[in-house]
Amino acid sequence: MRRRTFLGAAGAAAVALALSGAALAQEAVKIGLILPMTGPFASTGRQIEAAAKLYMQQQGDTVAGRKIQLILKDDTGVADVTKRLAQELIVNDKIAVMAGFGLTPLALAPAPLATQAKVPQVVMAAATATITEASPFIVRTSFTLPQATVPMAEWAAENGIKKVVTLVSDYGPGIDAEKAFTGAFTAKGGQVENLRVPLANPDFSPFLQKVADAKPDALFVFVPSGIGAQFMKQFVERGLDKSGIKLIGPGDVTDDDILNGMGDVALGAITTQHYSAAHDSPENKAFVEAFKKANPNMRPNFMAVGGYDGMHLIYEGLKKTGGQGGQALIDAMKGMSWTSPRGPVSIDPQTRDIIQNIYVRKVERRDGELYNVEFATIPNVKDPVKAAKFN
Ligand code: PHB
């Protein structure tokens, strides 16, 4: 009886030990993906979710012997909700890394939590230059507005454009775009007038009337991804498509998600950006084809590529740390380089921002569909705002 009890206890202890060992080895590495899946910026959430899932489907859900679990949360585009969800994911789900962040305020809200909890925060969408300075645990796979915009100013100045009106959404990335364009364009002798339109429910018509009256050579526009179609509709309604005023800007306004639905009004728009679904490389052809196969009726846009590359950065970082998160993971991500569907990219170890090519593109019809067709490349562009601070 005593012998049996003893063996039983030892056996139970051994089983418990084996179980906890197995449980440890198998404990999933959790990624909290926080995105606007509803509300006016839901297209960003949809694009990034689709791209992240595609990456996992292609690369498998095991990294460094650990299962990867993606936990998707909808912040509805409200910063307080993003922050609460990040808190819950960190405390209750014990995530190793948080990712997504569809707009600047949504990326800034959880930054103090990333710092406190030492949880890397991979910004896949938001693009105000200063975001990476909000926490040493933030790393970004999207872009910054100044990075995409300075090449636009230089192209405009070199191509006979002398007078420009800028029209931007009145918040972080819009103000970044306005400042970057105005600074670089006036430095080359150009003349600029600045207009700002509210971010929420924008009515562009009074601003477009001012543009029509000012008769500039070009109208420079920044609106966040998903809003371009609304802008184009009012551009036509005000007759600006027939005014001879050229449409230019960073590529958010002719976003691949909605470009094909804009119609001929978009033809000829010149934009500068890091990604076009028409980018001519084997990596991009494979990406676009797989994305469309997995998501019929969708074309990947620059948000999708930010999500896809963000997952790549997380996977490669976890491979280096053997599945560990925290400081080790953010350190592993610094300096990483790879070939993205957008072209060659790397993570600046100093700023944790992405260094990438910026392409000059023109909207053209190809095989019956509208695309941003790249015709010039500015290689390895850093965010100019932070480059100026560090050099
Ligand atoms: C941002 O809020 O940072 C943002 C959102 C959409 C864009 C660009 C920037 O297309």
Pairs where the first residue, in segment 348-360, is touching a residue at least 24 places away in the same chain (Cβ under 8 Å) and of a type in the set (Val, Ile, Thr) and the second is part of a loop (DSSP other than H, G, I, E, B) and surrounded by 23 or more Cβ atoms within 10 Å (Cβ to Cβ), C-beta under 7 Å, 6+ apart:
THR351/ASP383; ILE354/THR141; ILE354/PHE143; ILE358/HIS274
When segment 220-230 is examined, which residues are found to be more than 12 Å from the ligand (Cβ to nearest atom) and either in a loop (DSSP other than H, G, I, E, B) or buried (at least 24 other Cβ atoms within 10 Å of the Cβ) (or both)?
PHE220
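Test GLN58 against the criterion of being surrounded by fewer than 17 Cβ atoms within 10 Å (Cβ to Cβ) and under 22 Å from ALA304 (Cβ atoms), and give yes or no.
Taking the combined requirement at face value, the residue satisfies it.
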Looking only at residues in segment 152-172 that are surrounded by fewer than 23 Cβ atoms within 10 Å (Cβ to Cβ) and within 16 Å of the ligand (Cβ to nearest atom), which one is nearest to GLY244 (Cα to Cα)?
ASP170
Hits in segment 128-182 (condition: in contact with a strand residue (DSSP E or B) (Cβ under 7 Å, 6 or more places away or on another chain) and either charged (D, E, K, R) or farther than 18 Å from ASP252 by Cβ (or both)):
THR132, SER135, PHE137, ILE138, VAL139, ARG140, ILE161, LYS162, LYS163, ASP170, GLU178
Can you list residue pairs whose Cβ atoms sit under 6 Å apart, with the first residue in segment 119-137 being closer than 24 Å to GLU178 by Cβ and the second being charged (D, E, K, R) and not in a loop (DSSP other than H, G, I, E, B)? Count only pairs 6 or more apart in sequence or on different chains.
VAL123/ARG140; THR128/ASP176; ALA129/ASP176; THR132/ARG140
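Residue-by-condition table, conditions (1) among the polar types (S, T, N, Q); (2) surrounded by fewer than 23 Cβ atoms within 10 Å (Cβ to Cβ); (3) within 16 Å of the ligand (Cβ to nearest atom):
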position: GLY174; (1), (2), (3): no, no, yes
position: THR182; (1), (2), (3): yes, yes, no
position: GLU193; (1), (2), (3): no, yes, no
position: ALA218; (1), (2), (3): no, no, no
position: ARG238; (1), (2), (3): no, yes, no
Filter result for GLY249 (more than 13 Å from the ligand (Cβ to nearest atom), at positive phi and either touching a helix residue (DSSP H, G or I) at 6+ places or on another chain (Cβ under 9 Å) or modelled with pLDDT of 95 or more (or both))
no
Quick one: would you say GLN121 is in contact with a helix residue (DSSP H, G or I) (Cβ under 7 Å, 6 or more places away or on another chain) and within 16 Å of the ligand (Cβ to nearest atom)?
yes
Pair list, Cβ under 6 Å, 6 or more apart: segment 96-107 residue within 16 Å of SER169 (Cβ to Cβ) and near the ligand (Cβ under 8 Å from one of its atoms), other residue assigned to a helix (DSSP H, G or I) and of a type in the set (A, V, I, L, M):
PRO105/ALA79; LEU106/ALA79; ALA107/ILE131
Odd one out for GLN116, checked against (1) in a helix (DSSP H, G or I); (2) out of contact with any Leu (no Cβ under 7 Å at 6 or more places or on another chain); (3) buried (at least 24 other Cβ atoms within 10 Å of the Cβ); (4) not acidic (Asp, Glu)
(3)
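The values are calculated or read from the model by the stated rules, or taken from the named source; none is laboratory data. None of the values given here were measured: they were computed from a predicted structure. No Cβ is skipped: glycine too gets one built from the backbone with ideal geometry, and neighbour counts run over all protein chains shown.
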